[in-house]
1. Just how large is the dipole of the range 35-144 about the Cα centre, in debye to the nearest 20, putting +1 at every Lys and Arg Cβ and -1 at every Asp and Glu Cβ?
2. For every helix of n ≥ 4 consecutive DSSP H residues, a contribution of -39,500 (n - 2.57) applies; sum these over the chain, divide by its total residues, and give [θ] at 222 nm rounded to the nearest 500 deg cm²/dmol.
3. What does the net charge come to around Tyr231 if you take all other residues with beta carbon closer than 13 Å to its beta carbon, with K and R at +1 and D and E at -1?
4. Go through the range 144-186 and name the trypsin sites (Lys or Arg not before Pro) that are in a DSSP coil and have 11 or fewer other Cβ atoms within 10 Å of their Cβ.
5. Which value, in Å², gives the accessible area per residue of the chain when a 1.4 Å probe is used on the protein heavy atoms?
6. How tilted is helix 11-22 with respect to the longest principal axis of the chain? Cα atoms for both, answer in degrees (0 to 90, nearest 10).
7. P(r) for the chain, please, calculated from all Cα pair distances in 10 Å bins and given in %.
8. Any idea what angle helix 307-316 forms with the longest principal axis of the chain, computed on alpha-carbon atoms, 0 to 90 degrees, nearest 10?
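The values are calculated or read from the model by the stated rules, or taken from the named source; none is laboratory data. Since we're looking at a predicted model, the values are computed, not measured. No Cβ is skipped: glycine too gets one built from the backbone with ideal geometry, and neighbour counts run over all protein chains shown. Heads up: the accessible areas ignore ligands, DNA and RNA and are worked out on the full protein's heavy atoms, side chains in. Shrake-Rupley method; radii C 1.70, N 1.55, O 1.52, S 1.80 Å.
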Amino acid sequence: MTLEEHFGITEQQIQDAAELLRRGELVAFPTETVYGLGANALDTAAVKRIFDAKGRPETSPLIVHISSIEMARSLAAEWPLSAEELAERFWPGPLTLVVRKKPIIPDIVTAGLPTVGLRMPAHPVALALLREAGIPVAAPSANRFTRLSPTTAEHVREGLAQHIPYILDGGPCTVGIESTVLSVVDRPAVLLRPGGVSRSEIESVIGPIDSLRQSEAAGAHPSPGMHPHHYSPRTPLFLVRHGEVPSQGQGAYLRLQRDPRYPASVVNMPGRPREYAARLYATLHELDSQGYDWIAVDAPEETPEWESVLDRLRRASAS
Ligand code: TXA
Ligand code: MG
């Protein structure tokens, strides 16, 4: 079972990409969540290139990708028991742990914060690249700032091709939305961004966690870089109920229930949150290229299973 058979990626491509990373160049690579735009996390000049390519403000901290728990520990000034337990349970996988950082991680990576987000991705191509490179790799999603995250190499090319020397095409991402970001700096831990690992999965390992809103109210730091207009298509997106799509113009309707009457181009979305998440960005990318006046999206129920999908839809919505 080789990377070549599964993903069409050769050993040589992994070696070339790893060499580029070590030399301070950018490489786009697949993860199980979304494609990342990677640079050597220990090299300030290399990381600067990420911000330039994305048009991203340097106030927004990056996630550092590692290939082992040991490498994570080597970058953390403190590695609490909760981090160890969560890493053992969910890594490799779509969970980013925010911990206190060692000085070896340059300020540009963390936007000057004393903490760093660490994640071991589950995609075999990402893991092979990280192991071959032998360095921690800072990587945000490989899209222009505030735009939709890419879940295929084609999305990366559409948005960033001229800025990236190398794109590893490992096919579509299976999780489809970004990792869960959890701060374990203080107790209880704080959920900064819902994502691929659910709140209840985390709580089953370390007990109750706080939401960002609760901890903000308690006076803690908000998560930097959590801009409300992240993850947007160019076409205005509206969350709707009961199929009440806009009456003006032409649009597309992401429907959860079945009803054949609406005057929009209708896309039936899966009724289950994981399958929905896996399709969401690819669907929005495709609709965004079709020149509609709007995209109307059935608002999913406000239940814990839909938390991460609802978070992304709210950020993507125009109002
Ligand atoms: O699934 C993912 O997480 C993808 C793939 C490529 O791994 N990456 C990703 O990166 O979504 P990005 O840069 O688009 O989002 C990083 C998020 C930001 O919302 C940022 O606020 C948060 O992680 N973050 C990173 N470091 C942090 C820190 N030290 N403290 C608080 N939040 C942090
Ligand atoms: Mg992003």
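1. Numbers: 12 positive and 10 negative charges, 59 e Å.
Here the size comes out at about 280 debye.
2. Only helices count here, giving -9500 deg cm²/dmol.
3. +4
4. Of the trypsin sites (Lys or Arg not before Pro), not one in the loops of the range 144-186 has a Cβ with at most 11 other Cβ atoms within 10 Å.
5. 44 Å²
6. Here the helix axis deviates by roughly 70 degrees.
7. Distribution as computed: 6, 27, 35, 23, 8, 1 percent.
8. 70 degrees
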